[in-house]
Amino acid sequence: MTTGRPRPERSSSQVTVNTQSPVLTSHYQHSVASYWNAEKNPVNLRLGDVDGLYHHHYGIGEVNWTVLDGPEDTREDRIVKELHRLETAQADLLISHLGPLEPHHRVLDAGSGRGGSSLLVNMRYGCEVEGVSISESQVAFANDQAKKRGVDDKVRFHFRNMLETGFETGSFQASWNNESTMYVELSLLFAEHARLLRRGGRYVCVTGCYNDAYGLPSRAVSQINAHYICDIHPRSTYFEQMAANRLVPVSVVDLTAATIPYWELRARTHLATGIEQSFLDAYKNGSFQYLLIAADRV
């Protein structure tokens, strides 16, 4: 476990830290870092083994249910490939909202996990990608994937806190969070994204949020919080804090119906982790929503 103390900067091809302040600044952040440093869940690793893109997020789209049929000895492989297809579709949708990117642009993946989305952005646009995470093991894993693909000069992952990255003000054309906003205070997160983005830059997040119209978080939402050691925010807070930090939504897509088939398939497989029914209950009773929000920095 890291102490969170600053360390000297290293060369751009290696893991770097923010030398201006500690990376981990609270007991909660230490607990989250410990969780993800130790995490080796097959539902993340086996899916990434399909093509070397390790996403660490959920999927969207219609399921090809025939993967549950056919020879038993190839059933697991069919299921893994189908779940990975659905999670890659989610990443592709997020990336399509980042705006027109060029190879000379620099973009930020906040809460980059094992790096799948960052690598996809580089593959599609050829631009420079910086990923940040408070999990040192995931940072090392992601940098290894970039090196294996021969893009470590363009795609770099850093042990840094997304709330205080230490990167230069206005140095990014686009930035995103993919299912990582529930680990931080949105006021601090959106302030940092607004600082990092140049005027006219694009911010995108895909996230689960609880539905204000339902009331307080439902039992199922509370179970999700406990499972992932997170704090799911109400939908209203996203828009309140974006407005307070010069991020103006240009697109809001409700992906709730589109993600339910992924959870229904996952619940029927050997990759189930026990949290699937809570997601399905929360989505179906209206207490939980899965949203994509794209906003311009003004």
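The values are calculated or read from the model by the stated rules, or taken from the named source; none is laboratory data. Quick caveat, the model's predicted, so the values are computed rather than measured. Every residue, glycine as well, gets a Cβ built from its backbone with ideal geometry; the counts of neighbours run over all protein chains shown. Heavy atoms of the whole protein, side chains included, go into the accessibility calculation; ligands, DNA and RNA do not. Shrake-Rupley method; radii C 1.70, N 1.55, O 1.52, S 1.80 Å.
Below are the figures for this structure:
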quantity	calculated
Sequence of 193, 27 from largest to smallest accessible area, 1.4 Å probe	27, 193
Computed over the chain, the ratio Rg/Rh where both radii use C-alpha atoms and Rh is Kirkwood	0.95
Spatial separation of Cα centroids for the range 78-147 and the range 243-261, in angstrom	19
Accessible surface, 1.4 Å probe, highest first, among residues 190, 239	239, 190
Student exercise, the range 179-279 dipole from Lys, Arg, Asp, Glu Cβ charges, in Debye to nearest 20	340
Residues of the chain: accessible area per residue with a 1.4 Å probe, Å²	41
Heavy atoms of residue 57 accessible to a 1.4 Å probe, total area in Å² rounded to 10	10
Pairs of alpha carbons in the range 79-158 whose separation is greater than 16 Å (percent)	49
Order by protection proxy (mean Cβ within 10 Å, highest first), peptides 214-221, 258-265	258-265, 214-221
Where 72, 39, 128 fall by accessible area, highest first, once all protein chains stay in place (1.4 Å)	72, 128, 39
Between the range 169-204 and the range 18-67, the alpha-carbon center distance in angstrom	19
Carbon + sulfur, % of accessible area of the range 115-238 - ligands and nucleic acids excluded, 1.4 Å	50
Area accessible to solvent at residue 284, 1.4 Å probe radius, in Å²	130
Within the chain: Cβ-based charge dipole about Cα centre, in debye rounded to nearest 20 (Lys, Arg +1; Asp, Glu -1)	640
Links that overshoot a 23 Å alpha carbon limit, given the list 40/147; 40/148; 40/284	40/284
Nitroxide proxy distance, nm - points 7 Å out along Cα→Cβ at residue 38 and residue 144	2.0
